[in-house]
Amino acid sequence: MTLHDLLKPELRLFLSVDVQDSTAFKQQADSHDSSPWRGYFGAFLRDFPSELEAHLNPAAPAPEVWKFLGDEIVFSLLLRKPRDAAEAMRAFCDAVASYEPDMTKPRQLRLKGSAWVAGFPAGNAIVPANDGRFDYIGPAMDTGFRLGKMATRRKFAVSVELAWLL
């Protein structure tokens, strides 16, 4: 990515899915055997992106995995038109709802979701990361991650900007 690309105006949608109460589940496991939760969360991190893809309209742009943060998956989508956000949100909510029954076995774990938009480079920035990819930083990103902390399985948290866009 060139400097010109970094300065090109864009609006991105970020979608976060996280496992509610995962820390308690992991801490209940025997300290010498992490296999009960390791396989469980490994399957979630591997399978949920495919679940989201299965719910997408083939004609709509697909969100891509931006980051794995523990047992949280954050997706990003460059928005070309407001309808892209609506299509992605519908697919994401459907994926969370359809994947969740798998999360109840063997424990009563649930998924929680949040979503926000961020504009670049106005107010936020795209910066090179050490792995050759790019990171997104700025106030809108901070707000988005705070939203995730307010989400529950019954409350899908969205930013005011995303609500207005939708």
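Throughout, read-outs are computed from the coordinates displayed, never taken from laboratory work. All values derive from a computational prediction rather than experimental measurement. Positions of Cβ are generated from backbone atoms using ideal geometry, with glycine treated the same way; all protein chains shown enter the neighbour counts.
Couple of notes before you dig in:
- Measuring between alpha carbons in the structure, the pairs from K8/K81; K8/K112; K8/K149; K81/K149; K81/K155 lying more than 24 angstrom apart are K8/K112; K8/K149; K81/K149; K81/K155.
- Rounded to the nearest 20, the size of the Cβ-charge dipole of segment 50-166 about its Cα centre is 440 debye, with Lys and Arg at +1 and Asp and Glu at -1.
- Most to least packed among 63-70, 110-117 [average Cβ atoms within 10 Å]: 110-117, 63-70
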